[in-house]
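Just below is one structure, and these are the notes that go with it.
Rule-based calculations on the coordinates, nothing more; no lab input. Computed from a predicted structure; not experimentally measured. Every residue, glycine as well, gets a Cβ built from its backbone with ideal geometry; the counts of neighbours run over all protein chains shown.
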Amino acid sequence: MRLLTVLIFMASFSFSTHAETSDWELEKEEEDLQLKIYTREISGSSLKEFKGEMLVETQLTTLAALMLDSQAAPKWMHQCEKFEVVEQLDERNAITYFINGAPWPVSDRDAVVSSSMSQDPETLTMRIDVSVVADYLPIDDDYVRIPHMTGFWAFTPIAEGKVKIVYQVHADPGGSLPAWLANSVVVDTPYYTMSNLREMLKQEKYQQAEIPFIKNTH
């Protein structure tokens, strides 16, 4: 079944709050991938928010096709061990469930997420907004449920057939995380997820896909 996979997820482990934030700090840059990873402190939280930015030569429909392919999510979303649709509300909106693996002895996390895809009619920017709906499914004692998370993917077409991709997430992982893991996950999650996404977009089935509600050009 196709649906809004997005993503999220590992969103990884930053504490969700509406408190004031600091300026973004560049954590990692990969020139060959045209990829930059930023983090910023969140007031009242010991964990950071992350943002990845990348330029890719592709079409919006190609990106949408990948995002709507829920079965492919574990192949490219960093440390995603399971991803399934709980309820497909319509072609743009879905409730999904995912399990995010963690190194021993840290407990794996799971989350129930609402995702919504939209496109600005003027700029053609495609956006996928995600947020946790923690009580949608019963708690599984084998995992720590992620209680709060908000984030988005934004895909903005620019000159010369390229698309600027922004992946930004802030979440509360639930329970506690070792400082070394919290610090690495907010960089590794966007870096590997976006690097893998670039490779997935090369597949012909995504490049040739037609998504009726997404436009590549006016």
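Here is how the numbers come out for the structure above:
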read-out: Count, lysine Cα pairs under 15 Å in the chain, 8 or more residues apart or across chains; value: 9
read-out: Label-point separation, ASP32 to LYS164 (7 Å along Cα→Cβ), nm; value: 2.5
read-out: Förster radius 25 Å - calculated FRET efficiency between VAL86 and GLU57 (Cβ-Cβ, nearest 0.05); value: 0.15
read-out: Sum of -39500 (n - 2.57) over DSSP H runs of 4+, divided by residues of the chain (222 nm, nearest 500); value: -5000 deg cm²/dmol
read-out: Order of THR61, THR189 - criterion: other Cβ atoms within 10 Å of each residue's Cβ, fewest first; value: THR61, THR189
read-out: Degrees separating the helix 179-200 axis from the principal Cα axis of the chain, which is the longest one; value: 20
read-out: Relative contact order, percent, the chain [alpha-carbon distance under 8 Å, six or more residues apart]; value: 28
read-out: Computed E for GLU210/TYR143 - FRET, C-beta separation, R0 30 angstrom, nearest 0.05; value: 0.20
